[in-house]
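Coordinate-derived values only; no laboratory data. Given the structure is predicted, the values throughout are model-derived calculations rather than measurements. Here the Cβ positions follow ideal geometry from the backbone for every residue, glycine too, while neighbour counts run over all protein chains shown.
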Amino acid sequence: MLAGASARRGLGRVLPFLGPAVIASIAYMDPGNFATTIQGGAKFGYTLLWVVVASNVMAMLVQSLSAKLGIASGLNLAEACRQSFPRPVVWGMWVIAEVVAMATDLAEFLGAALGLYLLFGIPLWAAGLVTAVITFLMLGLQRYGFRPFEVLITGFVGVIALAYVVEVVLAQPAWGKVAYHAVVPSFSGRESVLLATGILGATVMPHVIYLHSALTQGRIVVREPGRLRRLFRFEVLDVTIAMSVAGLINAAMLIVC
């Protein structure tokens, strides 16, 4: 695929390598991010915007390293940990990752069910069943390869991004203050420090770090060092695009509030 991509030009050259980071970026747009970021914007205006920016830059670094592990070693993060650490440590890390994943999935599941209830008036128990069915149907797309599932997730991210673009346009923020608070750290009392911690904690997700290394592990298999480096450069581009979109969405949440 690398050889075929080199014969293409422009966007067609990049598209085959985009996707894993988009799936990982969903973890950065979950209800936890929505709650902490919206609360931060509602209470402190643009003051904590720098926390969103810094958290997103850190997320880019972490996800790039996760992808690099899968590409360079052929192992995902869980497999690498199993090979490198004593068994009690591995079991502890596995339990922590499972608990974090379940807690995050529960919030997203309830958020989807609540969204169906608010939009269509479906009873919550029925909305929960609909959410479960849709989730399994989405996961079932993976039997047709990785691309249909990635396209679906990209479509969802696009809808979220478009919604917040419209909200930002309607809110007409003070762009000078937005630019200032995006790069200048500041707090406004003890509660703002706690909210900043919440924004940071809701941004970096341990389970998605494991996931990203697995998504790049066998997607495009090459062995030559030169091609591995080239593949990683494409993956860095994927991470940069996906995490930038996620970061802009989170920033928009704070700005419009």
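Here are some notes:
- Overall, the stretch 12-256 carries a charge dipole of about 720 debye about its Cα centre when +1 sits on the Cβ of Lys and Arg and -1 on the Cβ of Asp and Glu, all other atoms neutral.
- Alpha carbon convex hull of the stretch 74-173, projected area averaged over orientations, nm²: 10.2 nm²
- Mean Cβ neighbour count within 10 Å, used as a protection proxy, ranking 106-113, 118-125, 163-170, 37-44 highest first: 37-44, 106-113, 163-170, 118-125
- Taking only Cα atoms of the stretch 12-256, radius of gyration then Dmax in Å: 19.0, 55
- Distance (nanometres) between label positions extended 7 Å along Cα→Cβ at Glu98 and Ile134: 2.9 nm
- Short-range pairs are left out: with C-alpha atoms under 8 Å and at least six residues apart, the relative contact order of the chain is 53 percent.
- Nearest-ten-degree value, helix 206-215 long axis tilted from longest Cα axis of the chain: 40 degrees
- In order through the stretch 154-163: 3J(HN,Hα) via Karplus (6.51 cos²θ - 1.76 cosθ + 1.60), integer Hz, x for Gly, Pro: 4, x, 4, 4, x, 5, 4, 4, 4, 4
- Theoretical ellipticity at 222 nm over the chain - DSSP helices of four or more residues, -39500 (n - 2.57) apiece, nearest 500: -26000 deg cm²/dmol
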